[in-house]
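See structure below.
The values are calculated or read from the model by the stated rules, or taken from the named source; none is laboratory data. Note that the structure is predicted; figures quoted are calculated from it, not measured. Heads up, the Cβs are rebuilt from the backbone with ideal geometry, glycines too, and the neighbour counts pull from every protein chain shown.
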Amino acid sequence: MGDLKDELLEQRSQLYANVIADRLALIEEVMGSKQKEYVKENNVFHNFEKVAQLNGGTREEALKGMWLKHIVSVLDFIDHPSIDLSIEKVREKIGDSINYLIILEVMLIENIMRINEIKETK
């Protein structure tokens, strides 16, 4: 019994390591290709700022609305597991969610830097 348990734990560890490595590679690949697709006038946040302008909100609020669509999909995987759930669907929706969080991180850091810059000039 111990050998089987050790083998299962080793398989899990290997799967864990593979998923992390694959995810990091996918982040670089997708974020690089999407950036080329969405950047307008050298502005990586163009689409979010355009949506914010159209909705009368902030770029962060625009991102939140777009990101929530992916979060709902991920929650549906948990709340309504189905036979047609695939590794590809899981990877896509979780990957999209991660990418939106990375974009949000950049936005928030930029905001903090801007605030700190203003403080320093006073």
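Can you tell me which of (1) small (Gly, Ala, Ser); (2) surrounded by 13 or more Cβ atoms within 10 Å (Cβ to Cβ); (3) outside any helix (DSSP H, G or I) is the one SER82 doesn't meet?
It is condition (2) that SER82 fails.
Cβ-Cβ distance below 9 Å, separation of 6 or more or different chains: which pairs start in segment 5-21 with a residue that is part of a helix (DSSP H, G or I) and end on one that is modelled with pLDDT of 90 or more?
So the pair list comes out as VAL19/ARG91.
Those residues that are of a type outside the set (A, V, I, L, M) and loosely packed, with under 13 Cβ neighbours inside 10 Å, I need them from segment 67-79; list them, please.
LYS69, ASP79, listed by residue number.
Could we say that ILE118 is without any contact (Cβ under 8 Å) to a residue 12 or more places away in the chain and part of a helix (DSSP H, G or I) here?
So ILE118 fits the description; yes.
Per-residue answers, yes or no, for (1) over 21 Å from ILE27 (Cα atoms); (2) at pLDDT below 95:
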site	(1), (2)
PHE48	no, no
ARG59	yes, no
ILE71	no, no
ASP76	yes, yes
SER82	yes, yes
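The rows are residues; the columns are (1) out of contact with any helix residue (DSSP H, G or I) (no Cβ under 6 Å at 6 or more places or on another chain); (2) over 27 Å from GLU110 (Cα atoms); (3) free of Cβ contacts under 8 Å to residues at least 60 places away in the same chain; (4) of a type outside the set (Gly, Ala, Ser).
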position	(1), (2), (3), (4)
ASP3	yes, yes, yes, yes
GLU29	yes, no, yes, yes
SER33	yes, no, yes, no
GLU61	yes, no, yes, yes
ILE98	yes, no, no, yes
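If the requirement is being in a helix (DSSP H, G or I) and exposed (fewer than 13 other Cβ atoms within 10 Å of the Cβ), which of these qualifies: LYS93, LYS64, LYS36, LYS50?
Testing whether each residue is in a helix (DSSP H, G or I) and exposed (fewer than 13 other Cβ atoms within 10 Å of the Cβ) leaves just LYS36.
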